[in-house]
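Participant: Structure below; questions to follow.
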Amino acid sequence: MLNAQQLSSTVTVEQGKLSGKHVEHLHQFFGVPYAEPPVGQLRWQPPQKAQNWLGIKQVHTFENQCMQKYLYDDMRFRSKGVSEDCLYLNIWTPDLAPTEKLPVLVYFYGGGFRAGDGSEPRYDGAALAKKGIVVVTVNYRLGIFGLLAHPSLSAQSGYGGSGNYTFLDQQAALEWVNKNISQFGGDPTRVTIGGESAGSISVSAHMVAPDSKGLFSAAIGQSGSILGPPLPAVSLQKAHEMGVSTVNQLHNKLSLKVDRGNIEQLREVSAETLLDALEELGISRFSTTVDGRFIKDLPISLYRKGQFAKVPLLAGVNSQESHYTSIVDKPLVTKEDYQQAIRNLYPEYYQEVLAMFNISEQEDIKDALQTLASDRFISFGAWAWIDAVTHHPSVSGKQPSTYFYRYDHIRPARKVSEGGTGEHHDRGAVHSAEIEYVFGNLDNNPLYLWQPEDYQVSKVVQGYFERFIKTHDPNGEGQAFWPTFSSEKWMILSKEPEYQSFEAHIKRYQFFMDYYYPSN
């Protein structure tokens, strides 16, 4: 078994020897290559196995983040730079590995598949590693580099499809972890995959990806899934149409020659030039594709057929995933404003949607719009996912354990020195606000005026997630009991968590299920 001295000197993985850092009773290995750099002719191809190296590779600092221009306001990076050469992962492992191998968390960052990086301080794995978990964060290709599908690429692929390089990168990282994580004290049979937003969508995608099954034993999804907005999967034909349109626009924008294939020419254009051109064209979103390799059918069909990994799942949403102003942008919303907005959004189902909400006071209007905005953005997808997993029996006839939450704690105000006003007007827990609490990284985020109750909430929430990673059950002594989702309830995560009925929400989510996936 590994000991602290062995880990602090070298670790031998499939490709060669690594030397990490020993910091505060932890071993850290940053910038570990899990695949070849996807540059040149490897742009828009599945990830290739990392080549072996000679000698000892020093992995003390974070490597490049993947190509991106869009930066969300609360993102902070510790990466070396921005480059297509970005397929690296980072590992935090405790000082001493016990006789029994440690559980592993492999985490995929959020950012709408167009931003993010495994070096972000809010995803730092040190706090969880100190609790006896080997933590891995993974970089993966984004935007056009990760999701472009095109007939020419499909003709070259050998499997008749294209796109989804984002997910194939993640899959390659999972394969690397399964082969090598025991060298870092981890148990390859106890790997939990987790993620927030785009990372959560990724987790739900891997659950229906044939080649991902068997690479993980449990799953965590924070806000969203591939079964709902904002980024549902599309057919290969639709992805081809979108890809052709994008490539043609780039071809014209960049005034490329017409005597050679568009894809081959674009492979020769610098990544920076491509991103600049896309920004000027107003193109920033790309979809998951039914590519015939990563996924074989639309995810909703796969979940309905029971063709998903039968593993324990912990998933949930935040209470303010989106603000009411995304529907009616007024400080004072009248009942007439509210009704007209619903009529505009759902002209055929106007009365049905209005009946979902009980409006008796002025504030009820904002509450209803906030709930609706959150559902339309990302909350419905999270429910559709956990409901599909919960209510479809596995091959053995036993359902996997599922745990559903709503995170309610309102993050404190932003510091004036960090562009804030010292006050906030949030009506709930905003999208992504739970990440620092789950990872125990409040002190890694200097933007907010953290209060003692924030640290208490972090302790409570992290406790549930820690136990789920270790035992695939969030329950333990000293905290409110969290039953499985089969009872149609969810855990309200806050300073004093409590289990509440989900009944008031069922009708609304069933409406969205019929709305997005009408029966034939």
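Participant: Of all residues in segment 52-73, how many are part of a loop (DSSP other than H, G, I, E, B) and surrounded by fewer than 18 Cβ atoms within 10 Å (Cβ to Cβ)? Talk me through it step by step, then tell me what you get.
Facilitator: Our first condition is that a residue be part of a loop (DSSP other than H, G, I, E, B); within segment 52-73, this holds for 52-55, 59-64, 66-73.
Subset that is surrounded by fewer than 18 Cβ atoms within 10 Å (Cβ to Cβ): 52-55, 60-61, 69-73.
Looking only at that region, the number is 11.
Participant: Can you tell me which residue in segment 484-520 is nearest to G228 (Cα to Cα), limited to those that are loosely packed, with under 15 Cβ neighbours inside 10 Å, in contact (Cβ under 8 Å) with a residue 60 or more places away in the chain and of a type outside the set (S, T, N, Q)?
Facilitator: The extreme case among them is Y515.
Participant: Can you pull out the residues in segment 46-92 that are among the polar types (S, T, N, Q) and under 20 Å from L128 (Cα atoms)? Don't jump to the end; show me each part of the working.
Facilitator: The first filter runs over segment 46-92 and keeps only residues among the polar types (S, T, N, Q), leaving 48, 51-52, 58, 61, 64-65, 68, 79, 83, 90.
Those that are among the polar types (S, T, N, Q) and under 20 Å from L128 (Cα atoms): T61, N90.
Participant: Within segment 97-106, is even one residue outside the structural domain of R267 (by TED's automatic domain parsing), buried (at least 23 other Cβ atoms within 10 Å of the Cβ), touching a residue at least 60 places away in the same chain (Cβ under 8 Å) and among the polar types (S, T, N, Q)?
Facilitator: no
Participant: While we're on this one: Report, by residue number, each residue of segment 425-450 that is under 14 Å from S494 (Cα atoms) and more than 18 Å from the chain's Cα centre (by Cα).
Facilitator: G428
Participant: Considering each residue of segment 74-98, count those that are in a loop (DSSP other than H, G, I, E, B) and among the hydroxyl-bearing types (S, T, Y), and give that number.
Facilitator: Residues of segment 74-98 in a loop (DSSP other than H, G, I, E, B): 74-81, 83-87, 95-98.
Now restrict to residues that are among the hydroxyl-bearing types (S, T, Y): 79, 83.
Qualifying residue count for the region: 2.
Participant: Something else: Could you list all residues from segment 486-507 that are over 20 Å from F439 (Cα atoms), outside any strand (DSSP E or B) and either among the basic types (K, R) or touching an Asp or Glu at 6+ places or on another chain (Cβ under 8 Å) (or both)?
Facilitator: If the condition is that a residue be over 20 Å from F439 (Cα atoms), outside any strand (DSSP E or B) and either among the basic types (K, R) or touching an Asp or Glu at 6+ places or on another chain (Cβ under 8 Å) (or both), then E488, F502, E503, I506, K507 are the ones that fit.
Participant: Same structure, new question: Within segment 134-160, track down each residue that is touching a strand residue (DSSP E or B) at 6+ places or on another chain (Cβ under 6 Å) and either surrounded by fewer than 24 Cβ atoms within 10 Å (Cβ to Cβ) or not assigned by TED's automatic domain parsing to the domain that holds D187 (or both).
Facilitator: Pass one, segment 134-160, residues touching a strand residue (DSSP E or B) at 6+ places or on another chain (Cβ under 6 Å): 134-139, 149.
Of everything in segment 134-160, nothing turns out to be touching a strand residue (DSSP E or B) at 6+ places or on another chain (Cβ under 6 Å) and either surrounded by fewer than 24 Cβ atoms within 10 Å (Cβ to Cβ) or not assigned by TED's automatic domain parsing to the domain that holds D187 (or both).
Participant: Between a residue in segment 372-393 that is closer than 17 Å to A219 by Cα and any residue that is of a type in the set (K, R), which pairs come within a Cβ distance under 8 Å, given they are 6 or more apart or on different chains?
Facilitator: Cβ pairs passing all conditions: A388/R304; H392/R304.
Residue by residue, here is whether (1) at pLDDT below 95; (2) in contact with a helix residue (DSSP H, G or I) (Cβ under 9 Å, 6 or more places away or on another chain); (3) basic (K, R) holds:
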position	(1), (2), (3)
A219	no, yes, no
P232	yes, yes, no
K238	no, no, yes
V258	yes, yes, no
I263	yes, yes, no
A271	no, yes, no
A277	no, yes, no
L281	no, yes, no
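Participant: In addition: Only one of S284, S255, S245 is on the phi > 0 side of the Ramachandran plot, polar (S, T, N, Q) and either part of a loop (DSSP other than H, G, I, E, B) or surrounded by fewer than 14 Cβ atoms within 10 Å (Cβ to Cβ) (or both); which?
Facilitator: None of the other options fit; the residue is S255.
The values are calculated or read from the model by the stated rules, or taken from the named source; none is laboratory data. Nothing here was measured: the structure is a model prediction, and the numbers come from that model. Cβ coordinates were reconstructed from backbone atoms using ideal geometry, including for glycine residues, and neighbour counts include every protein chain displayed.
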